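Please read the structure below before turning to the comments.
Read-outs throughout are calculated quantities, based only on the coordinates presented, and are distinct from any laboratory measurement. Because the structure is predicted, anything quoted here is derived from the model rather than measured.
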Amino acid sequence: MAHRSNAVGTFTTGCWSVDARTADPELSLGILRGVHQRLVLLLDSLTPDDFTRNALHPEWGPISVDWLLQMYAWHSRHHVGHIGLIR
């Protein structure tokens with residue numbers, strides 16, 4: 001958020017999912033809770049103009065903060081569904 005235009009990165013999901021079959025899901029959920037609490041603090045500080053700011057995604061091209069937030073919300077709900085299957 002410090003620059004007018006930022007590049008965002010991707011990551012290899014295999015590195016993150018290697019222990020998913022054996023680890024207690026609460027470990028990941030605890031991390032996610034903390035990330036979401038920090039994200040709320042950031043989002044509460046944004047102005048309406050901040051949501052229109054763009055970043056450059058290597059696969060999708062220019063994306064706005066608003067679009068990224070909507071994608072993150074969908075992605076989080078998607079993973080909640082996965083967690084529900086293993087609980």
Problem - Rg followed by Dmax, in Å, when segment 22-86 is reduced to its Cα trace - result: 14.4, 43
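Provide the gained length on full extension for the span Asp49 to Tyr72, in nm with one decimal, where the gain is 0.36 nm per separating residue minus the Cα-Cα distance.
On the way: separation 23, 0.36 × 23 = 8.28 nm, distance 1.91 nm.
Extending this stretch completely gives an extra 6.4 nm.
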